[in-house]
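The structure appears right after this line, and notes come after that.
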Amino acid sequence: MRTAVFSTKAYDRQFLQAANVPPHVHELTFLEARLTLQTAPLAAGYRAVCAFVNDVLDAATLSQLANEGVQLIALRCAGFNQVDLHAAQRHGLCVVRVPAYSPHAVAEHTVGLMLALNRKLHRAYARVREGNFSLEGLLGWDLHGQTAGIVGTGRIGCVVARILHGFGLRVLAHDLAPSPELEALGVQYVPLAELLRSSDIVTLHCPLLPDTHHLINAQTVQQMKPGVMLINTSRGALIDTQAVIQALKSGHIGCLGLDVYEEEEDLFFEDLSNQVIQDDVFTRLLTFPNVLITAHQAFFTRNALEAIARQTMRNLSCFERGEPFDPHVEVTPQRLRK
Ligand code: NAD
């Protein structure tokens, strides 16, 4: 099936081409452009569009894609918050995604951020390279015996819970649907307010939905323990960044690890090292010694890219042949209520 692949990087091309083999062979056109209303006409004549996390799939762009003859939006990611699902339905566009590829990739990166922030590895690395071998300011604490609070224990949150349990942390969790396996492990499900009140580390793994937008805001920050470590590898807009900056300034938040940022579309995945960054909120975050930011790379392992490519090619085939999709692949507006 003729498919326009937007926001293509060299690694997308490499892994999608490797997966483009029988029985899932498709005519892929790789476009470097990010999908926006302005670039949507590039999809003219294609039945499918393959998009990533920061492509724009709002009502206007979807309308334009439908006018160009596109019938399928194949997301090569798990999250679908960037898609106006109601508009897609109105225009008869089918939206599919890769619901699970490697929860381990994201979970391991999440724990990597925790370890690095706690022992200040990002600062120690720079210091030693400068010939500064002082330990002043690098004091950490044992994670063993601390309390971690996991918001959202789906595929990724579950793996994070297991790793942290293995480290000897007490693990609290909050989810609409508790996991019996985690409960059997000793993970305790509590209301969000109790999780925030009791956790030394809070890590976010719920999807970005209308009711989780700015889940961490000025009020919920105040419910957290003074000195808390906050980690977000899920979606940027789960956090009200301005509220978090105020809490970093006051010291209420002890450290912050981010792999996602609510305005990341204009920054992440590009080399902007020769440009002046215009986002003053983001640049303020960069000034804190106790903030560690990675640019949406938690998913970025070989295993994950192989799995994403395989499932994407399979999704294209299912649509083309009119076969049913694998469970949780197709996303409709009903998903927004979950
Ligand atoms: P999942 O659907 O398996 O799990 C999400 C969990 O969140 C579910 O158990 C759900 O019940 C729960 N949930 C929903 N609303 C909630 C709420 N209000 N409070 C608490 N829990 C709630 O998803 P997953 O595969 O574990 O992925 C989690 C998120 O991670 C995705 O939505 C995506 O945004 C993000 N993600 C980030 C990267 C990255 O590279 N940084 C990669 C993949 C996924």
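The values are calculated or read from the model by the stated rules, or taken from the named source; none is laboratory data. All values derive from a computational prediction rather than experimental measurement. Note that we place each Cβ from the backbone using ideal geometry, even for glycine, and neighbour counts take in every protein chain shown. Ligands, DNA and RNA are stripped out before the accessible areas are found, and what is left, the full protein with its side chains, is counted by its heavy atoms. Shrake-Rupley method; radii C 1.70, N 1.55, O 1.52, S 1.80 Å.
For (1) touching a residue at least 24 places away in the same chain (Cβ under 8 Å); (2) among the small types (Gly, Ala, Ser); (3) within 15 Å of the ligand (Cβ to nearest atom); (4) surrounded by 22 or more Cβ atoms within 10 Å (Cβ to Cβ), each residue gets a yes or a no:
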residue	(1), (2), (3), (4)
Pro207	yes, no, yes, no
Thr212	yes, no, yes, no
Ala218	yes, yes, no, no
Met229	yes, no, no, yes
Asn232	yes, no, yes, yes
Gly236	yes, yes, yes, no
Asp240	yes, no, no, no
Val244	yes, no, no, yes
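Against the condition more than 14 Å from the ligand (Cβ to nearest atom), assigned by TED's automatic domain parsing to the domain that holds Leu208 and open to solvent by less than 10 Å² (accessible area, probe 1.4 Å), how does Val276 come out, does it pass? For Val276, the condition - more than 14 Å from the ligand (Cβ to nearest atom), assigned by TED's automatic domain parsing to the domain that holds Leu208 and open to solvent by less than 10 Å² (accessible area, probe 1.4 Å) - is not met.
For residues that are touching a Cys at 6+ places or on another chain (Cβ under 8 Å) and not in a helix (DSSP H, G or I), scanning just the range 317-328, find the one that is most open to solvent (accessible area, probe 1.4 Å). This residue is Pro324.
Given the options Val160, Val106, Val151, Val98, name the one that is touching a Cys at 6+ places or on another chain (Cβ under 6 Å), within 16 Å of the ligand (Cβ to nearest atom) and in contact (Cβ under 8 Å) with a residue 24 or more places away in the chain.
On the way: Val160 fails: touching a Cys at 6+ places or on another chain (Cβ under 6 Å); Val106 fails: touching a Cys at 6+ places or on another chain (Cβ under 6 Å); Val98 fails: touching a Cys at 6+ places or on another chain (Cβ under 6 Å).
Being touching a Cys at 6+ places or on another chain (Cβ under 6 Å), within 16 Å of the ligand (Cβ to nearest atom) and in contact (Cβ under 8 Å) with a residue 24 or more places away in the chain holds for just one of Val160, Val106, Val151, Val98, which is Val151.
Going through the range 41-59 one residue at a time, which ones are at pLDDT 95 or above and within 24 Å of the chain's Cα centre (by Cα)? Of everything in the range 41-59, those that are at pLDDT 95 or above and within 24 Å of the chain's Cα centre (by Cα) turn out to be Ala48, Val49, Cys50, Ala51, Phe52, Asp55, Val56, Leu57, Asp58, Ala59. Taking the range 29-54 as the range and being surrounded by fewer than 24 Cβ atoms within 10 Å (Cβ to Cβ) and under 29 Å from Arg155 (Cβ atoms) as the test, the residues that pass are Phe30, Arg34, Phe52, Val53, Asn54. A search for C-beta distances below 7 Å between a residue of the range 171-190 that is in the same structural domain as Leu215 (by TED's automatic domain parsing) and within 13 Å of the ligand (Cβ to nearest atom) and any residue that is of a type in the set (A, V, I, L, M) and assigned to a loop (DSSP other than H, G, I, E, B), counting only pairs 6+ apart in sequence or on different chains, returns Leu172/Val190; Ala173/Val187; His174/Val190. Examine the range 147-165 for a residue that is in the same structural domain as Gln223 (by TED's automatic domain parsing), surrounded by fewer than 16 Cβ atoms within 10 Å (Cβ to Cβ) and either within 24 Å of Pro226 (Cβ to Cβ) or of a type in the set (Val, Ile, Thr) (or both), and state whether such a residue exists. No, the range 147-165 contains no residue that is in the same structural domain as Gln223 (by TED's automatic domain parsing), surrounded by fewer than 16 Cβ atoms within 10 Å (Cβ to Cβ) and either within 24 Å of Pro226 (Cβ to Cβ) or of a type in the set (Val, Ile, Thr) (or both).
For (1) open to solvent by 20 Å² or more (accessible area, probe 1.4 Å); (2) of a type outside the set (Gly, Ala, Ser), each residue gets a yes or a no:
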| residue | (1), (2) |
| --- | --- |
| Ala78 | yes, no |
| Gln82 | yes, yes |
| Gly92 | yes, no |
| Val95 | no, yes |
| Ala100 | yes, no |
| Pro103 | yes, yes |
| Glu108 | yes, yes |
| Gly112 | yes, no |
| Asn118 | no, yes |
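Among the helices (runs of 4 or more DSSP H) lying completely within the range 78-166, list those that include at least 2 residues that are in contact with a His (Cβ under 7 Å, 6 or more places away or on another chain) and closer than 30 Å to Thr312 by Cα. Ranges flagged: 155-166.
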